[in-house]
Each structure stands twice: as C-alpha cells, then as structure tokens.
Amino acid sequence: MNKIIVCAGWARSTRMGGKDFAFIELNDGSSMNSIQVVVDSSMPNFAEIAATRVGASFRAKGKLIPSMGKDQKFELQVCSPDAHEIKVVGKCDGDTYPLPPKRHTVEYLRTIAHLRPRTKLISGVTRVRNNLAYATHKFFQERGFLYIHTPLITASDCEGAGEMFQVTTALPEHDKPISALTKNLYEREGQENEVDAPKDDGKKKKDKKKKGEAAKEEKPAEEEKKGETLPFEQRKINYKKDFFGKPAFLTVSGQLSVENFNNAVGDCYTFGPTFRAENSNTSRHLAEFWMIEPEICFANLDDVMDLTEDYVKYCLRYVLENNADDIEFFNSWVDKGLKERLLNVAEKDVVRITYTEAIDILVDHQKTKKVKFTVDKKNPVKLEWGIDLDSQHERYLAEKVFQGPIMVYNYPKSFKAFYMRGNEDGKTVQAMDMLVPGIGELVGGSAREERLDVLDAMIVEKGLKVEDYWWYRDQRKFGTQPHGGFGLGFERLVMMATGVENIRDVIPFPRTPGTADF
C-alpha cells in the first residue's frame with residue numbers, strides 16, 4: 001500500500017468525476033474483481049483518457065492507496081505528471097463495441113464467443129475451468145497415476161453407439177467421370193461385388209477396337225471430354241485407398257486405449273477432447289467435449305466408486321478454496337443455492353444404491369406421492385425394471401429423495417457398453433453412475449470385463465465385430481487382471497461447479513449441430 005505500481009487491463013467501465021477526474025474500472029482477467037484507476041486532470045493526456053470508452057486497453061502507473069469506496073479496499077491514483085503515467089494501449093470504438101456495460105443474455109454472448117471472455121460470467125467460468133483442470137492433474141499425479149495421451153483418430157467405436165465423426169481424405173467429387181473415380185478413391189455403389197469380365201481373344205479385341213474408333217468419330221468432342229458421370233449419392237469411398245486404409249473416426253472416448261497402458265504401467269488416466277456426432281440440441285450435449293478417464297488395475301467396482309467419490313470431492317474443494325470470489329459471484333447472480341450445494345457434495349458421504357433399488361424408489365414415489373415423470377405431456381415414461389434412467393429420474397433421486405450425491409450401480413446389461421463386467425445373474429453388469437443435484441449423471445464407470453470368452457460374447461451381442469477389437473482382446477489373452485475406471489464429462493463438472501445451466505457456456509467455443517464458428 002502507498003507504493004508505486006504498474007497494472008494493465010481492459011476497461012469494464014469509464015466515467016467522469018466532474019471536470020477534474022476520470023474513473024476507469026480496470027480488469028486484467030485474473031480475478032472477478034477489478035481495480036479502480038483514478039486519473040487526475042493534471043495528467044498531460046487527460047483529454048484522451050476522458051474520451052476513451054469501455055473495452056479499451058490501458059497501462060497505468062500510479063500510487064496504490066486505500067479506497068474511500070465501499071465496494072473496494074484500494075484504488076490506483078494517477079495524479080503526478082512526473083511520477084505517474086497512463087496510456088491507452090488499444091482504443092475501442094464505443095459505438096460498435098458489442099459489449100456495452102449492461103447485462104447480456106447467454107444466447108447473445110454465444111454469437112460473439114470471441115469477445116464473451118471479457119464478461120464477468122465467462123471469465124469466471126474460464127478461471128473455474130482452469131482450476132478444475134489443474135485439480136484433475138494434481139489429484140491423479142499425487143496418487144501415482146500416469147497421464148496417457150490417447151489418440152483422437154480411431155477405427156474403434158468405444159460405446160458401440162455409431163454416432164461418430166468420420167475422418168477421410170477421399171471426399172466424393174460430383175463432376176469426375178467414372179473412369180477417374182475407379183482409378184482413384186471412389187467406386188460405384190456395388191462395384192466391390194462385381195466380377196471382372198473374361199478376357200477377349202485377339203480377334204475380339206481388334207473388332208472392339210474398330211467399333212470403338214467408329215463410335216468415337218460419331219461422338220461430339222465435348223461429350224467425350226466430359227465422360228460418363230455418376231450421381232453424387234451413389235459414389236462410395238474405396239477405403240482401401242483412403243489415408244488409413246480403412247474407415248476411421250474421431251474418438252468418442254480414450255478408455256479402450258488407456259486400458260492397454262493400465263495393463264502395463266498400472267494406474268493411469270487420460271484427459272482430452274472427444275467427439276460425438278449426435279444430432280442433439282439440448283443444454284447437456286456438445287459435439288466436441290473433454291473427458292477425464294482414469295483406469296485402476298487389480299481393482300473391483302467398489303474401488304472404482306471410491307476413486308470417483310474422492311476425485312469429485314477433491315475438485316470441488318479445490319475451487320471452493322481457490323476460486324472463492326468466482327463462486328460468490330455465481331452464487332449471487334447465477335444460482336443462489338450453488339455454494340451450499342457444492343459444500344454439501346464436497347462434505348457429505350455419497351449414498352450407494354443398486355439400479356433395482358432406484359427403480360423401486362421411483363415406482364413407489366410415483367404411486368404414493370403422485371410424482372409424474374414424462375418426456376413430454378403426451379408420452380409418459382413407464383417406470384419398470386430394464387429402462388435406462390434419464391435426466392428427470394436421476395435428478396429426482398439426487399435432489400428430492402437423497403438431497404445430495406448418490407451412486408447407482410449394477411445396471412441391466414441391455415443398454416450398457418460391451419466392456420462392462422457381467423454379474424453372475426446374467427442380466428446386470430458392474431456399472432455405476434454418480435448422480436448429483438442440478439446435473440443428474442456426472443460420472444459413469446464400471447469394472448471392465450477381463451474374461452475373454454465373456455467379452456467376446458458381449459461384443460457379438462452388441463452387434464460389433466470381434467476382429468475389430470483384436471488389440472483390446474489381447475489384453476485378456478496375455479496377463480489379464482481385474483480392473484476398472486470411470487469417465488467424467490469435464491464440461492458437466494464445470495457446470496456443477498459454476499451453476500451454469502447450459503453446457504455451451506462452459507466451453508470456450510461450443511461445437512453443436514449447425515455451429516462451428518470461431
């Protein structure tokens with residue numbers, strides 16, 4: 001205090017204090033709080049400073065003093081032409097600047113995603129997201145996990161859902177002749193099943209040549225040049241000549257890859273972008289998102305659930321401690337129950353119930369408490385054993401029944417992935433979901449199927465090809481061991497920590513159906 005300091009940032013607001021002072025609310029993005037810069041009219045460039053608008057960038061050198069204002073502890077005083085200095089680093093046209101000092105809807109901010117980090121909402125989300133990522137690495141590294149970089153391009157569908165983005169260098173072209181297509185990367189639909197015609201003897205070849213020359217003379221030169229073309233929709237990629245020699249996709253998960261390292265180096269995790277070509281426009285889905293996927297060796301489902309609980313609590317405690325100002329902002333302006341809910345999840349034991357118990361509770365409440373679960377007004381959901389719980393069921397259990405985080409485990413195998421370990425009943429698998437208030441499903445995990453014969457049967461049952469997973473199966477052939485892990489959609493964790501309701505507002509540049517701007 002009472003020392004000369006230098007600070008730089010962007011003006012969130014500017015105003016005049018009569019003719020003698022200019023007030024600038026300067027923020028550098030490192031905190032929710034700004035510093036007030038008070039510029040005296042004695043400064044040689046005072047007229048320029050007074051005329052500068054919101055959004056401009058400044059560099060100020062002045063004296064840090066206690067502030068008389070009620071909402072700030074100190075301010076920067078720029079009043080001595082000899083010792084102090086203030087400079088407009090980058091001007092901003094106030095008439096066209098799309099972020100004037102007022103509240104903006106999140107829908108509007110998405111249209112200017114390149115500028116929205118300057119708002120309090122998105123800058124706060126960014127800082128929380130950063131610390132959650134740091135806490136993730138810190139948690140696993142402190143426990144001896146190795147960080148594995150898994151591939152983004154894959155030939156395997158981890159979830160078996162088929163909703164994957166294809167990667168190819170052989171996009172069909174609509175104006176090439178058939179001869180060019182078959183010689184290069186495309187083929188006529190059904191061509192792969194055609195049988196080559198028997199070879200002609202010399203006489204037939206000569207006859208054909210004569211006929212061809214006669215026909216050639218009759219054809220217009222323009223038609224000959226163009227050649228026969230094939231409708232675009234009938235053109236099919238010849239994957240043997242594509243870049244990877246087979247169909248390739250952007251990954252939906254790094255789990256299968258990280259499992260290979262789990263069977264060699266022990267506990268490990270991957271944390272990176274994943275992709276899903278699901279044509280969904282809900283507030284909970286993105287086409288590009290980040291996943292945290294740890295794998296632990298010589299472990300069972302209880303170990304997986306213990307790790308999940310420890311990890312989530314660790315991350316929430318970290319941001320509660322290191323993002324206190326941001327959490328206070330979100331608690332005041334986004335979700336007034338946020339802080340209490342985060343403390344509740346961070347400190348309260350997570351209740352664990354089976355899928356069967358969850359269904360029984362929901363059916364009972366539907367009958368005795370007249371609770372209605374519907375997808376829409378015309379289609380009520382029939383609650384019975386075997387259905388996949390959706391968001392309304394998950395949130396009801398977490399918010400109304402247990403009023404805190406819960407884990408549901410031992411799900412029916414009918415709607416779960418092929419790699420989840422089967423139970424002895426033949427109907428369920430050792431899968432678990434962590435459900436939290438405000439979100440629903442936050443984490444999904446399982447014990448992995450380490451028995452080769454059972455794994456092969458599940459691959460076939462899910463309509464997949466056993467040979468496509470030969471490398472995954474090798475881990476069961478050579479030194480198999482019981483293991484498991486979970487997957488957590490990082491954006492959902494950010495939503496939980498900030499109270500922001502739409503997943504598009506917790507990732508820097510959201511990718512959704514029809515949207516790939518910026």
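The values are calculated or read from the model by the stated rules, or taken from the named source; none is laboratory data. What you are looking at is a predicted structure, and each value in this text was computed from that prediction instead of being measured. Note that each Cβ is placed from the backbone with ideal geometry, even for glycine, and that neighbours are counted across all protein chains shown.
With the structure loaded, tell me whether Gly55 is on the phi > 0 side of the Ramachandran plot and not aliphatic (A, V, I, L, M) or whether it fails that test.
Yes: the conditions hold for Gly55.
Going by what's in this entry, would Lys348 be described as more than 30 Å from Asn331 (Cα to Cα) and at pLDDT below 95? For Lys348, the condition - more than 30 Å from Asn331 (Cα to Cα) and at pLDDT below 95 - is not met. Residues of the range 66-79 include none that is at pLDDT 95 or above, among the small types (Gly, Ala, Ser) and surrounded by fewer than 20 Cβ atoms within 10 Å (Cβ to Cβ). Among the residues of the range 466-504, those that are among the acidic types (Asp, Glu) and either outside the structural domain of Arg317 (by TED's automatic domain parsing) or more than 15 Å from the chain's Cα centre (by Cα) (or both) comprise Glu467, Asp468, Asp474.
Residues in the range 249-296 that are of a type in the set (Asp, Glu) and farther than 15 Å from Thr512 by Cα: Glu259, Asp267, Glu293, Glu295. Among the residues of the range 273-301, how many are in a strand (DSSP E or B), of a type outside the set (Asp, Glu) and crowded, with 17+ Cβ neighbours inside 10 Å? Selection size over the range 273-301: 9. For the criterion of being in a helix (DSSP H, G or I) and either out of contact with any Pro (no Cβ under 6 Å at 6 or more places or on another chain) or not assigned by TED's automatic domain parsing to the domain that holds Glu357 (or both), Met434 fails. Can you find a residue in the range 97-106 that is assigned to a helix (DSSP H, G or I), within 29 Å of Val334 (Cα to Cα) and modelled with pLDDT of 95 or more? Checked the range 97-106: at least one residue is assigned to a helix (DSSP H, G or I), within 29 Å of Val334 (Cα to Cα) and modelled with pLDDT of 95 or more.
Results for (1) aliphatic (A, V, I, L, M); (2) in the same structural domain as Asp325 (by TED's automatic domain parsing); (3) within 30 Å of Val128 (Cα to Cα); (4) assigned to a strand (DSSP E or B), shown as yes or no for each residue.
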residue	(1), (2), (3), (4)
Arg15	no, no, no, yes
Ala22	yes, no, no, yes
Gln36	no, no, yes, yes
Ser42	no, no, no, no
Glu48	no, no, no, no
Phe58	no, no, yes, yes
Gly69	no, no, yes, no
Gln72	no, no, yes, no
Glu75	no, no, yes, yes
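In the set (1) in contact (Cβ under 8 Å) with a residue 12 or more places away in the chain; (2) out of contact with any strand residue (DSSP E or B) (no Cβ under 7 Å at 6 or more places or on another chain); (3) under 23 Å from Asn323 (Cα atoms), the condition left unmet by Tyr97 is number (3).
Of Ala60, Ala47, which residue is more than 30 Å from Arg504 (Cα to Cα) and surrounded by fewer than 13 Cβ atoms within 10 Å (Cβ to Cβ)?
Unique residue meeting the criteria: Ala47.
Of the residues contained in the range 356-364, one or more are found to be touching a helix residue (DSSP H, G or I) at 6+ places or on another chain (Cβ under 8 Å), under 27 Å from His483 (Cα atoms) and modelled with pLDDT of 95 or more.
Filter the range 139-170 for residues that are under 15 Å from Phe249 (Cβ atoms), assigned to a loop (DSSP other than H, G, I, E, B) and hydrophobic (A, V, I, L, M, F, W, C); which is modelled with the lowest pLDDT? Looking at residues that are under 15 Å from Phe249 (Cβ atoms), assigned to a loop (DSSP other than H, G, I, E, B) and hydrophobic (A, V, I, L, M, F, W, C), I get Ala161. A Cβ distance below 8 Å, combined with a sequence gap of six or more or placement on separate chains, defines the contacts here; from the range 126-150, residues that are without any contact (Cβ under 8 Å) to a residue 40 or more places away in the chain and in the same structural domain as Phe261 (by TED's automatic domain parsing) reach residues that are surrounded by fewer than 20 Cβ atoms within 10 Å (Cβ to Cβ) and not in a helix (DSSP H, G or I) in the pairs Gln141/Tyr147.
Looking across the range 382-431, the residues that are under 17 Å from Leu316 (Cβ atoms) and assigned to a strand (DSSP E or B) come down to Ile406, Met407. Considering the range 12-33 alone, what residues qualify as being among the small types (Gly, Ala, Ser) and either in contact with a Leu (Cβ under 6 Å, 6 or more places away or on another chain) or surrounded by fewer than 17 Cβ atoms within 10 Å (Cβ to Cβ) (or both)? Listed by number, the residues that qualify are Ser13, Gly17, Gly18, Gly29, Ser30, Ser31.
The set of residues from the range 446-463 being outside any helix (DSSP H, G or I) and either within 20 Å of Glu293 (Cβ to Cβ) or out of contact with any helix residue (DSSP H, G or I) (no Cβ under 9 Å at 6 or more places or on another chain) (or both) comprises Ser446, Ala447, Arg448, Glu449, Glu450, Lys462, Gly463. Filtering the range 312-328 to residues that are under 21 Å from the mean Cα position of the chain (by Cα) and surrounded by 22 or more Cβ atoms within 10 Å (Cβ to Cβ) leaves Val312, Cys315, Leu316, Val319.
Scanning the range 89-132 for residues that are exposed (fewer than 14 other Cβ atoms within 10 Å of the Cβ), among the charged types (D, E, K, R) and over 16 Å from Phe518 (Cβ atoms) yields a total of 5.
Only one residue in Glu467, Glu441, Glu501 is under 30 Å from Tyr134 (Cα atoms) and surrounded by fewer than 17 Cβ atoms within 10 Å (Cβ to Cβ), so which one is that?
Selected residue: Glu501, the only one of Glu467, Glu441, Glu501 that is under 30 Å from Tyr134 (Cα atoms) and surrounded by fewer than 17 Cβ atoms within 10 Å (Cβ to Cβ).
If I filter the range 314-325 for residues that are touching a residue at least 60 places away in the same chain (Cβ under 8 Å) and in a loop (DSSP other than H, G, I, E, B), do I get at least one hit? Yes, there is a match, as at least one residue in the range 314-325 is touching a residue at least 60 places away in the same chain (Cβ under 8 Å) and in a loop (DSSP other than H, G, I, E, B).
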